[in-house]
Amino acid sequence: MPQIIDGKAISAQIKEELKEKVSRMKQDGRTVCLAVIQAGNDPASSVYVANKKKACAYIGIESVSYELPEEVTQEELLALIAELNARKDVDGILVQLPVPEHIDEDAVIRAIDPKKDVDGFHPASVGALCIGQPGFVSCTPAGIIELLRRSGIEIEGKECVVIGRSNIVGKPMAILLLRENGTVTVTHSRTRNLKEVTKRADILIAAVGKPKMITREYVKEGAVVIDVGIHRNENNKLCGDVDFEDVAPVSSAITPVPGGVGPMTIAMLMHNCVESAALNL
Ligand code: NAD
């Protein structure tokens, strides 16, 4: 039987550690505060925002939230970000994506002060990651590194294959694995002979956005398989990019969906907020 990598338990452990750290910071008179902005009322975004605020409350991070109407202008949104950038009591700024269509998402991301960019999406944060300088790292890939580390899975020297090259998952994932001294291959929709490439992987990360696409034909016997995908199947049940039932028996360790990578994303967001406050940037 493979090791089932329990993201729920590991994220709970991280949240406990953060809670303790925040409480120690409070004793020294230091608070942690995250500003959360949601523009429009996309139901999925509302759920994500509510979960983030709930995690803040649990850990002892203050959250200030701004629910802006769908028709908010780009100028208004950028003005709010500028105000939050200037506020000494705000350690992190999160704009829930996607923003309404008439707003330039890149301009919004660039407007956030990199010192408060707890999502790690600002070009300065991404650039810092690429050249090994300090900066915030995108939460989902950072959470995957933490999952591997806390599950006792070594990355150094391993063949790591990432399926997907998005800016928020695939690309930062590849850089992080490289930083951990993995030998990294990034595959994508134009990759030829995908199965041949993925079968080389000791550690396979699926961030392809296609429900249950990764079956055992893509996986080397004994590989570690990390499933980033989140989908709802025909019965409204959650599933990943990996066909868990098919792949689990040939893997040495695997993340389930739900309860694998998903819970780690919020835990790492909380980690970034606490880090921002602790560094007092
Ligand atoms: P995306 O759609 O931006 O990127 C998908 C990538 O997969 C692209 O780079 C594309 O080139 C590649 N791809 C598409 N079809 C392919 C194919 N047939 N063969 C090889 N590569 C192919 O998606 P994303 O934002 O990176 O997210 C990926 C998945 O992870 C989605 O299911 C998303 O919902 C999920 N996700 C989960 C979390 C989390 O917290 N667990 C966070 C972000 C994204």
Any chance residue 236 is in contact with a Phe, Trp or Tyr (Cβ under 6 Å, 6 or more places away or on another chain) and more than 9 Å from the ligand (Cβ to nearest atom): no
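Per-residue answers, yes or no, for (1) modelled with pLDDT of 95 or more; (2) over 17 Å from residue 260 (Cα atoms); (3) over 18 Å from the mean Cα position of the chain (by Cα):
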site: 113; (1), (2), (3): yes, yes, yes
site: 117; (1), (2), (3): yes, yes, no
site: 122; (1), (2), (3): yes, yes, no
site: 144; (1), (2), (3): yes, no, no
Residue check for residue 263: surrounded by fewer than 18 Cβ atoms within 10 Å (Cβ to Cβ) and in contact (Cβ under 8 Å) with a residue 12 or more places away in the chain: no
In the range 197-228, the residues that are more than 13 Å from the ligand (Cβ to nearest atom) and open to solvent by less than 60 Å² (accessible area, probe 1.4 Å): 201, 202, 203, 219, 222, 223, 224, 225
So residue 249, is it at negative phi, within 16 Å of the ligand (Cβ to nearest atom) and open to solvent by 50 Å² or more (accessible area, probe 1.4 Å): no
Residue match in the range 229-237 (condition: hydrophobic (A, V, I, L, M, F, W, C) and either in contact (Cβ under 8 Å) with a residue 60 or more places away in the chain or open to solvent by less than 10 Å² (accessible area, probe 1.4 Å) (or both)): no
Filter result (touching a strand residue (DSSP E or B) at 6+ places or on another chain (Cβ under 7 Å), under 23 Å from residue 62 (Cα atoms) and near the ligand (Cβ under 9 Å from one of its atoms)) within the range 252-281: none
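The values are calculated or read from the model by the stated rules, or taken from the named source; none is laboratory data. None of the values given here were measured: they were computed from a predicted structure. A quick note on method: Cβ atoms are made from the backbone with ideal geometry, for glycine too, and the neighbour counts reach across all protein chains shown. Ligands, DNA and RNA are stripped out before the accessible areas are found, and what is left, the full protein with its side chains, is counted by its heavy atoms. Shrake-Rupley method; radii C 1.70, N 1.55, O 1.52, S 1.80 Å.
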